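Below you'll find the structure, written out as structure tokens, and then a few comments.
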Amino acid sequence: MCARAAARSAYPLSKTWRLPNASRRGGSPMHRAALTPPSQLSAIDAAPSLRYFVLSEPPFDAVIAAVNRTDRLIDDYSQYKHGGEIWWIRALVSKNLSSWRTSSWKDADVIVPPLPFGFCANDEHSQHPACVATRSASKALLAHAALAARPEAFLVLGTDWRLRGSRPLGDARGFIWGTKLPSDPDVGQASSVIVPSVSSAAGRENGPAWWAPLQPIADATQLTRTWHQSWTQRPIRSFFVGQASSELPALIRPNARPHAHAHAHPHVHQADSREAYATRLKLMQTIDQLSKKGTHSVDVVATTSTDQGLPPCDEACASSSPGCVACYWSERMYSQYQSLMHSSKFGWHIRGDTDSSNRLYDVISSGAVPLIIGEGMRASLPFKDLPWDDMVAVARAEEVTTIDGFERWLAKEESVAPKRLEALQTHGPAVLWHVDPSDVALRVLKEARSLAARTDLATGGGGL
């Protein structure tokens, strides 16, 4: 299979989504931001003493070169939900983080081998130059003096589920892993840093939606006010597209491209995933019942699974009430995903196989307010220093899966939306890889430094 065909097969949706030039229902066009977003790097309390070391000598230099070059497979994986490791490696050797890099692993708080283990766990990538180099670099890593001397300072990032049960650092113990959940993927790490997934609703060269105001604005206060006014005019009340049953993997039709949830190796369903998928379905049914009471709201709450017997969504369903509710979101609908998300006020972040989903970052990137169902989802929120209680709304399933409860809860969230939008505008970029400059990598390093220091103290090292 050629590289271009392999990219389409592995990550088909990244090719079809585009940032909307205008609302599909006649809204005002979205222009590029005249207000230059402030760099978040200087806003982090990373402390001048943070020092990290990147293994960049041969053969690691070949990995870095392969990841940094213009390449279709690498580029596509970087837009895939687990593609944070590509952004990570590029950030580690970038000029933006040069102030925190050191040339000696003995002096470093955090030691980082720049290896794209998740990308290379995909069999279709085995002969890619980055993976050929990674295999060579992995052998060198296992024999590296730094790993033997200071395993607790090592940080490796990889959220791809294909890594579950693997041991990329061999018998090494005490290292830190950048994961989507505290122990998922489990690769033998002693501790974990929660790492944001890549937003699928982001353009390749664009920041968050609130950086594209409807008119040039130079004052931050005015931008917040104007952004809220723009948000209130979004035609779609709430948005969710995803599997609504744990009985079958998401749709795979003959001769159809699988979407990002459907891989050759299906997800391992956790014991409580059935309840989670049932919650998704019940939410759809609740909104469907509400729409039959005469409401004029437009919602997009659709399933990608075929075993519920739901009708297919009409391609123009989001253009009028009730929207795309309790219907089946087929392959042909995916080209609308990004533009409809950017036209939504709220976006649902609901548990599926695990307590993690890249939908959270889709919602934040698109400028919608995240609505989270289930306290367990808090475990997947990265960077605990962020004011998540101001940025997201968390509800119990029983609060939003009855008509009266749903109406009360959403009315409350409408009333506090200005506060949430301001918090998201201020702190949302901190969890988005595609922001330029992005501070995600520096935040991961900061948290890893704290974990490494605690481990060092616990083992009698006396601190770094």
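Where a number appears in this text, it was derived from the coordinates with a stated rule and is not lab data. Just so it is clear, the structure is predicted and the values come from calculations on it, not from any experiment. We place every Cβ from the backbone using ideal geometry, glycine too, and count neighbours over all the protein chains shown.
Tabulated data for the structure shown
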quantity	calculated
Residues whose placed amide H lies under 5 Å from that of VAL394, excluding near-sequence neighbours	ILE372
Distant-in-sequence amide H partners of PHE346 (H built 1.01 Å from N, under 5 Å)	SER238, PHE239, VAL369
In nm, spacing of pseudo-spin labels at ASP288 and SER94 (7 Å Cα→C-beta vector)	4.4
Virtual spin-label span in nm between ASP75 and ALA140, 7 Å along Cα→Cβ	2.7
Separation of alpha-carbon centers, segment 288-341 and segment 355-394, rounded to whole Å	23
Estimated inter-spin distance, SER103 and ALA411, nm [label 7 Å along Cα→Cβ]	6.7
Out-of-range pairs (alpha-carbon distance over 32 Å; input LYS81/LYS106; LYS139/LYS384; LYS95/LYS345; LYS81/LYS384; LYS81/LYS345)	LYS81/LYS106; LYS139/LYS384; LYS95/LYS345
Ascending count of other beta-carbon atoms within 10 Å, so fewest first, for ILE236, ILE89	ILE236, ILE89
